[in-house]
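Step one of this worksheet: look at the structure below.
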Amino acid sequence: MSARSGTDHGPRTIEAGAPPTRYARGWHCLGLAADFKDGRPHEIEAFGTKLVVFQAEGTGRLHVLDAYCPHMGGNLADGTIKGDALACPFHDWRWGGDGRCAGIPYAHRVPRRARTRAWRTLEENKQLFVWHDPQGASPPEGVTIPRIEGAFSGEWSDWTWHTLRIDGANCREIVDNVVDMAHFFYVHHSFPTYFKNVFEGHVATQYMTSDPREDMTAADTLSAQGRLRSEASYHGPSYMIDHLWTEVGDATVETVLINCHYPVAPDAFVLQYGALVKKLPGMSDEEAAQAAAQASEGLAAGFEEDVAIWRNKTRIDNPLLCDQDGPVYQLRRWYEQFYVDAEEVGAEMTDRFEFEIDTERAVTVWRAEVEANLASRRDAATAGEG
Amino acid sequence: MLEPVTCTTCGTQVLVEKRSLPHTTVQWTSPTTRCPELAGCAPAGVAVCTRLRASIEEALREGRLRVTGGDG
């Protein structure tokens with residue numbers, strides 16, 4: 001057991017706080033671009049409202065508008081794409097990707113004020129992004145989504161992609177995982193041996209090395225195969241690119257995972273994730289797709305484990321930390337930059353911050369726990385034979 | 001407790017805490033523009049500046065920085 005120190009204090013009172021009523025400023029991934037290019041409009045519930053995504057027929061470009069038509073409130077997601085415009089199902093008002101009314105077939109003229117909100121979009125890595133800013137400004141220089149070369153290369157698999165809606169939790173819960181080394185052992189059954197965070201500007205990175213857990217079967221753990229090295233960065237408030245290198249026999253398998261979300265309401269968000277795997281020499285497209293699907297399944301299992309915790313936990317603004325925990329407060333200080341007005345973003349939120357955990361104690365204790373689990377399994381097997 | 005440490009290569013001063021020998025906290029209070037290893041790199045795209053790390057280790061050896069053993 002750990003040593004206790006200090007004087008006797010009263011019980012700690014949890015400050016649950018209230019989730020923020022505003023939504024983060026930044027690029028938010030809505031999904032794979034190809035999934036929106038089927039000739040139909042798509043409704044997205046996000047940022048406390050509804051959006052509609054549609055592809056202009058002429059230009060082929062994806063556009064995002066407010067879903068509700070400013071004429072009489074019809075839902076454009078139930079409408080029809082007509083040329084480069086989206087037609088409302090209620091009265092056939094036509095809306096262009098720039099938000100201007102492109103025509104009202106039954107009217108002599110289009111009212112001068114006929115504009116709806118067009119959301120700034122970006123297609124990168126074969127995914128669609130939308131820019132959200134409560135102040136209505138453009139993305140600052142340098143705040144963009146980095147290109148992932150594997151997404152455009154025949155040497156890599158295609159994206160796998162999954163969507164999961166989480167109700168009853170604010171999206172800060174998933175961002176907290178960036179610094180939470182110990183939960184990787186207890187929730188995800190992996191075995192971190194190295195763990196470091198760096199926050200700088202709008203990026204938060206987690207550097208981690210983890211080993212497989214010998215007391216877990218492949219189905220129980222994210223890193224069943226061999227030693228795994230991971231470099232995972234949030235580029236802004238919601239889009240994480242995770243580069244993984246896994247030792248499998250003599251080979252190193254390279255994987256890119258995406259973990260991203262967009263908020264639906266203060267207490268609901270949509271989690272999306274997917275994987276790309278680099279083909280090993282001699283690997284066919286089918287085998288690469290299978291490897292990506294396997295990586296994706298590992299991710300899916302991991303998120304289900306997180307969701308099981310989120311479903312029954314409380315929001316906590318004042319976590320009680322021990323000496324081997326990651327920098328939760330500094331992560332939240334970094335995350336705060338996306339929730340304040342741009343002119344309120346302070347240097348303390350964006351100045352580079354590095355935190356390398358001393359994993360020595362955790363590794364010793366965890367190794368003993370794994371050994372004990374293996375021993376009791378051996379005992380059970382022996383008893384079964386006798 | 002964070003203590004100031006100045007990098008012997010570029011002269012940038014950062015705040016450092018060593019709770020134990022393997023643990024390190026580095027809080028920058030200025031941009032990384034003078035750092036020969038980090039300047040121009042993607043933000044949070046490089047885990048460590050090895051020269052700053054060497055300066056921290058030197059400060060520890062010379063007793064200008066102490067292991068605190070503190071909590072989170």
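The values are calculated or read from the model by the stated rules, or taken from the named source; none is laboratory data. Bear in mind that the values here come from a model prediction, so they are computed numbers and not experimental data. Heads up, the Cβs are rebuilt from the backbone with ideal geometry, glycines too, and the neighbour counts pull from every protein chain shown.
Here A:H261 meets each of (1) surrounded by fewer than 17 Cβ atoms within 10 Å (Cβ to Cβ); (2) more than 23 Å from B:L38 (Cβ to Cβ) with one exception, condition (1). Examine the stretch A:116-133 for a residue that is among the small types (G, A, S) and assigned to a loop (DSSP other than H, G, I, E, B), and state whether such a residue exists. Taking every residue of the stretch A:116-133 in turn, none turns out to be among the small types (G, A, S) and assigned to a loop (DSSP other than H, G, I, E, B).
Of the numbered criteria (1) within 27 Å of the chain's Cα centre (by Cα); (2) surrounded by 15 or more Cβ atoms within 10 Å (Cβ to Cβ), the one A:E348 fails is (2). When residues in the stretch A:197-215 are screened for being part of a strand (DSSP E or B) and at the interface with chain B (Cβ under 7 Å from one of its Cβ atoms), 7 of them pass. Per the conditions (1) farther than 25 Å from A:D351 by Cβ; (2) at pLDDT 95 or above; (3) in contact with a Ser or Thr (Cβ under 6 Å, 6 or more places away or on another chain), the sole criterion not satisfied by A:G201 is (1). Screening A:R94, A:R165, A:R113 for residues that are at pLDDT below 95 and either more than 31 Å from the chain's Cα centre (by Cα) or in the same structural domain as A:S233 (by TED's automatic domain parsing) (or both) leaves exactly one candidate, A:R113. The residues on offer are A:D133, A:D98, and the sole one that is surrounded by fewer than 16 Cβ atoms within 10 Å (Cβ to Cβ) and either in contact (Cβ under 8 Å) with a residue 40 or more places away in the chain or among the charged types (D, E, K, R) (or both) is A:D98. The stretch A:289-386 holds helices (runs of 4 or more DSSP H) entirely within its bounds, and those carrying 1 or more residues that are in contact with a Phe, Trp or Tyr (Cβ under 7 Å, 6 or more places away or on another chain) and away from chain B (no Cβ under 14 Å) map to A:360-385.
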